[in-house]
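Chemist: Please find one structure pasted underneath; my questions will follow.
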Amino acid sequence: MTNSSHLLKARTVVIRIFTKVMAPFTKGIMNYARFLTAVSSARKPSPIRMLTELQQRSPPSLISLAGGAPNPNTFPFQSASIQVKNGQTVTFDETAMKRALQYSASNGIPELLTWMKKLQKDLHNPPTTNYSSEKGQMDMCVTTGSQEGLCKVFEMLVNPGDNVLLDAPTYSATLAALQPLGCNLINVPSDHRGMIPAALKEILSRWDPLEVHKPGSTAPKILYTIPNGGNPTGASMTTERKKDVYELARQYDMLIIEDDPYYFLQFEKPWAPTFLSMDVDGRIIRTDSFSKILSSGLRLGFVTGPKPLVDRVVLHIQASTMHTSTFTQLMVSQLLHSWGQEGFLQHIDGVIEFYRKQRDAMICSADKWLKDVAEWHTPSAGMFLWMKLKGIADTQQLIMEKALEKEVLLVPGGVFMINSSDPCPYVRAAFSLSTPEQIDEAFRRLSLLIRDAL
């Protein structure tokens, strides 16, 4: 048995113990309808999509004149063979190619969903696995990258004027998705260990938890966070903080959106238990991504959460993108089934080792060039270093004008703030693509810029 298997079993034991302790405190059935926007509530299943999915589950003897799918015999692509780095081959013969180029189910192709559901259960052991659908049974759907899932979750839950909790600085695309919805973004203070529960408790004290269900209550109904290797900060929330945040969510009947694209880029094992692993109520909506570990261009993500809410996301997919690329799903599904879960986790170990070395190289160069002019915490996950530049009130001009002239580029911290126009002394540096030598030279150039600006 490999080291990954031992760690997986140990994490499962910890999760089960926590679940047993929490079980007596589990509340009644969640009222998911209260969280939905009017638009989401009004969504109805697409009759054509339902017929398509029914046809795909039917025996070959069925003669269907119902679907409006094009005839794959008219497509120019006949077969494909994709070489994998370990020597394996992902192959599409003519029959498989016809399926890969055709419409498919809106929630994802069955074999990929089955594989991913088993992975989620083995990694997180969600307490909701065996719940009834009404009580919030764990379900999943495939999305075109986790960003599509996030956008659809936000549009399902956020009304104009709603108070939404998040820990800024945060992912700029999250802000771009939320701000046009007309909600009030409330920043929960955080540090290098993630969201601070005491600060969350203080913010929530503005509302009486006994009155959050009353008509007209302005109490927040959702909380968004990136728990591991946060973008841009690199912060990772501790297990104790997650427990405390989850308890506050229970007290105020909030949903937690656990956006975790860097879950598989945690540098230390065992990996921290997730909110999903603690979810005795069915109040966690989790987004995962293959972008950082298999391919960012394939656009494959997943939404995991209570079935009543995942169903609403799927209804939105039916009316928008219809489904994630069938070809992409089949390609990845074939790879995962050939690897098995053990092979997948071994691949993850290799990815982690690469990014750990990249992180170490960046920290080494930061210590070498920036120790006197910047402050930072070493990230334990992800691919970013978040630095505060000493004596620089706002990094926007320094980075976008002067740094470009010196041929070094970072991201000014203001773009990750709720109000991007406020002065911000931070910058984000990514250690994913550049070589250690390039990172070293970039920080040398940055150190000269900072010193010239002081």
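The values are calculated or read from the model by the stated rules, or taken from the named source; none is laboratory data. Owing to the predicted nature of the structure, the values given are computational and were not obtained by experimental measurement. Ideal geometry is used to build each Cβ from the backbone, glycine not excepted, and the neighbour counts take in all protein chains shown. Keep in mind that these areas ignore ligands, DNA and RNA; they rest on the heavy atoms of the full protein, side chains included. Shrake-Rupley method; radii C 1.70, N 1.55, O 1.52, S 1.80 Å.
Chemist: Quick check for me: using +1 on Lys/Arg Cβ and -1 on Asp/Glu Cβ, what's the dipole size of segment 260-360 about its Cα centre, in debye to the nearest 20? Mind showing how you got there, number by number?
Modeler: Values: 10 positive and 10 negative charges, 49 e Å.
Dipole size: approximately 240 debye.
Chemist: Rank Tyr224, Ala173, Val142 by how far each Cα sits towards the positive end of the charge dipole of segment 94-340 (+1 on Lys, Arg Cβ; -1 on Asp, Glu Cβ) and give me just the farthest.
Modeler: Val142
Chemist: Another question, then. Per the Kirkwood formula on distinct C-alpha pairs, the Rh of segment 348-453 is how many angstrom?
Modeler: In segment 348-453 this quantity evaluates to 14.0 Å.
Chemist: Something else: Along its principal axes, what span do the Cα atoms of segment 94-340 show, with the longest given first and each in whole Å?
Modeler: 62, 41, 35
Chemist: If each residue of separation counts as 0.36 nm, what is the full-extension length gain between Lys371 and Ala33 once their alpha-carbon separation is subtracted?
Modeler: Numbers: separation 338, 0.36 × 338 = 121.68 nm, distance 5.19 nm.
Working it through step by step, the gained length comes to 116.5 nm.
Chemist: Averaged per residue, what accessible surface does segment 73-198 expose to a 1.4 Å probe, in Å²? Walk me through the intermediate numbers first.
Modeler: Details: 5440 Å² over 126 residues.
About 43 Å² of surface per residue is accessible.
Chemist: Compactness ratio of the chain: Cα Rg over 2.2 N^0.38 Å, N = residue count? The partial results should precede the final answer.
Modeler: Numbers: Rg = 23.2 Å, N = 454, 2.2 N^0.38 = 22.5 Å.
Taking the Cα Rg and dividing by 2.2 N^0.38 Å, one obtains 1.03.
Chemist: Using +1 at the C-beta of Lys and Arg and -1 at the C-beta of Asp and Glu, which of Ile196, Leu112, Ala381 has the Cα lying farthest in the positive direction of the dipole of the chain?
Modeler: Selected residue: Leu112.
Chemist: Considering the dipole of the chain built from charges on the beta carbon (Lys and Arg +1, Asp and Glu -1) around the Cα centre, which of Leu315, Asn184, Thr287 is farthest to its positive end?
Modeler: Highest projection toward the positive end goes to Leu315.
Chemist: What distance in nm separates the simple spin-label points at Lys44 and Ser421, each placed 7 Å from Cα in the Cβ direction?
Modeler: Each label point lies 7 Å from its Cα, and together they span 4.4 nm.
Chemist: Further, regarding this structure: Suppose R0 equals 35 Å. What FRET efficiency, 1/(1 + (r/R0)^6) with r the Cβ-Cβ distance, do Thr89 and Arg57 give to the nearest 0.05?
Modeler: The formula returns an efficiency of 0.75 here.
Chemist: Restricting to bridges with both residues inside the chain, how much of the DSSP beta-bridge set is antiparallel, in percent to the nearest 5?
Modeler: Numbers: 27 of 42 bridges.
Expressed as a percentage, antiparallel bridges in the chain total about 65.
Chemist: Tell me, which longest segment in the chain has none of the GluC sites (Glu not before Pro) that fall in DSSP loops with at most 12 further Cβ atoms within 10 Å? If you can, show how the numbers build up before the last one.
Modeler: On the way: sites that count: Glu268, Glu407.
Longest gap between qualifying sites, sites excluded: 1-267.
Chemist: Per 0.36 nm of contour for each residue apart, how much would the distance between Ser217 and Lys201 grow if the chain were fully extended, relative to their Cα-Cα spacing? Spell out each step's value before the answer.
Modeler: Details: separation 16, 0.36 × 16 = 5.76 nm, distance 1.75 nm.
Extra length from Ser217 to Lys201 when fully extended: 4.0 nm.
Chemist: OK, next. Could you work out how much longer the chain between Gln78 and Ser434 gets when fully extended? Use 0.36 nm per residue separation minus the Cα distance between them, nm to one decimal.
Modeler: Values: separation 356, 0.36 × 356 = 128.16 nm, distance 3.79 nm.
Value of the extension gain: 124.4 nm.
Chemist: Taking the alpha-carbon centroid of each part, what is the distance from segment 294-328 to segment 189-226 in angstrom?
Modeler: Spelled out, the Cα-based centre of one part sits 28 Å from the other.
Chemist: Compute, for segment 94-340, the length of the dipole vector about the Cα centre, with Cβ point charges of +1 (Lys, Arg) and -1 (Asp, Glu) only. Units Debye, rounded to 20.
Modeler: On the way: 23 positive and 25 negative charges, 78 e Å.
Charge dipole of segment 94-340: 380 debye, to the nearest 20.
Chemist: Here's something else I'd like to know. Measure off, as a whole percent, the carbon and sulfur share of the 1.4 Å-probe accessible area of the chain, all protein chains present. Don't skip to the end; give the middle numbers.
Modeler: On the way: 11260 of 20460 Å².
Using a 1.4 Å probe with all protein chains present, the chain comes out at 55 percent carbon and sulfur.
Chemist: Let me ask something else. What does the charge dipole of the chain about its Cα centre add up to, to the nearest 20 debye, if the Cβ of each Lys and Arg holds +1 and the Cβ of each Asp and Glu holds -1? Kindly include the intermediate steps, with their values, before the conclusion.
Modeler: On the way: 47 positive and 43 negative charges, 173 e Å.
My answer is approximately 820 debye.
Chemist: Between Lys117 and Lys406, what FRET efficiency comes out of the Förster formula 1/(1 + (r/R0)^6) with R0 = 45 Å and r the beta carbon distance, rounded to 0.05?
Modeler: Details: r = 50 Å, r/R0 = 1.10.
After rounding, the FRET efficiency stands at 0.35.
Chemist: Moving on to the next point. Considering only segment 94-340, what is the antiparallel percent among its DSSP beta bridges, to the nearest 5?
Modeler: Details: 12 of 27 bridges.
Taking every DSSP beta bridge within segment 94-340, about 45 percent pair in antiparallel fashion.
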